[in-house]
Structure formats: C-alpha cells, structure tokens
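Working notes for the structure below.
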Amino acid sequence: MRHYPAGVTVVTLSSPRGPVGFTATSFASLSLDPPLVSFNIAHTSSSLTAMLDAESVVIHFLGEHQQHLAHRFSRAAEERFTDRSLWTSLDTGEPVLHGTPIWLRTTVHQLIPIGDHTFVVGLVTRVHDNTDEEPAAAPLLYYNGRYYRPTLLGD
C-alpha cells in the first residue's frame, strides 16, 4: 500500500495522563448525513489505550508546510507535546495544533478492531477552516515512505 499516496493528518485527544497524538495517513470521509469520518490506529501504537478510552478527538489536515508536525507525531510519545508553542487546548480538552489549515473535532462513534489495527469512526461536531483567513496551503502527502508537496498538473 506504500505505492498509494495519502493525505497526512495528526489525530489528537486528551487523556487522564495528558495530551495524546499520532500521525495518521488513513483518514477518509465516510458519510455526509450524518457527517462521519474514519482513520486507523495500529494495535502497537503507544496511543492505542488512550484512543480506546477517548470520547472525542481532533483530526488536523496538515498543509505542505507542516512536515515537521508529521515527523513529531510519529516519534516517541513523550516528545510529541513537549513544545507548548505548537498547540493549545479546546474548552473540551483536546489539543489543537497551531497553523493547521483545517481541523475537525469528532466524537468517537464506533471502534472496530480489524486485523492489526482498530478502525475509528468519528461523528464530526465541529469544523475549523483557516483557509478563509490565510491562503489555503496545499496538503501534505505521504507516498512510498516519504512526504511530498503536491504538484498541480495543467488542464
């Protein structure tokens, strides 16, 4: 599957032990009515226990300028939230990363263990779109083990 490009997201959530987050390239839209989205988390992930206990998460769509966040949230869990200048918390507790073009707050609708991952379905409760305030960033893509900026093709 490494030969199929994917958009890069960072999923964040709050837990009794503090903020939790991880990079995910499995994000997908599932339904418009109700607004449902999905992503997967590996059973070997250090974030799995917190994810299984979470009531809500924030899914950040990374822009091409945010490769540093994709790397940060794929490193060791204790390193992900050490730079407090990169994030703040919503009133509902979930961490939100600064400068993300778009993020979604979702309630956890369903968790389905499948193979070596858990399929997470979220019901979108809030959409924050920064693209009106500043020029829209092209999405960050992941393909064949590397991050890419998209190149737009002519008509």
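Below are the figures for this structure:
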quantity: Subset of segment 130-146 (residues that are at pLDDT 85 or above and open to solvent by less than 70 Å² (accessible area, probe 1.4 Å)); calculated: P139, L140, L141, N144, G145
quantity: Any chance S46 is open to solvent by 20 Å² or more (accessible area, probe 1.4 Å) and outside any strand (DSSP E or B); calculated: yes
quantity: Residues satisfying the stated conditions in segment 1-36, i.e. within 28 Å of T151 (Cα to Cα) and open to solvent by less than 10 Å² (accessible area, probe 1.4 Å); calculated: V8, T9, V10, V11, A24
quantity: From the options V58, V127, V96, residue that is touching a residue at least 24 places away in the same chain (Cβ under 8 Å), touching a Lys or Arg at 6+ places or on another chain (Cβ under 7 Å) and assigned to a strand (DSSP E or B); calculated: V58
quantity: Segment 101-121 residues that are at pLDDT below 95 and buried (at least 17 other Cβ atoms within 10 Å of the Cβ), paired with ones that are of a type in the set (D, E) and in a strand (DSSP E or B) (beta carbon under 9 Å, 6 or more apart); calculated: P101/D129; I102/D129
quantity: Members of segment 54-87 found to be hydrophobic (A, V, I, L, M, F, W, C) and either touching a Leu at 6+ places or on another chain (Cβ under 6 Å) or within 20 Å of I102 (Cβ to Cβ) (or both), listed by number; calculated: A54, V57, V58, I59, F61, L62, L69, A70, F73, L86, W87
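The values are calculated or read from the model by the stated rules, or taken from the named source; none is laboratory data. Because the structure is a prediction, the values reported are computed rather than measured. Quick reminder, even Gly has a Cβ in these numbers, built from the backbone with ideal geometry, and neighbours come from all protein chains shown. These accessible areas exclude ligands, DNA and RNA; they are computed on the full protein's heavy atoms, side chains included. Shrake-Rupley method; radii C 1.70, N 1.55, O 1.52, S 1.80 Å.
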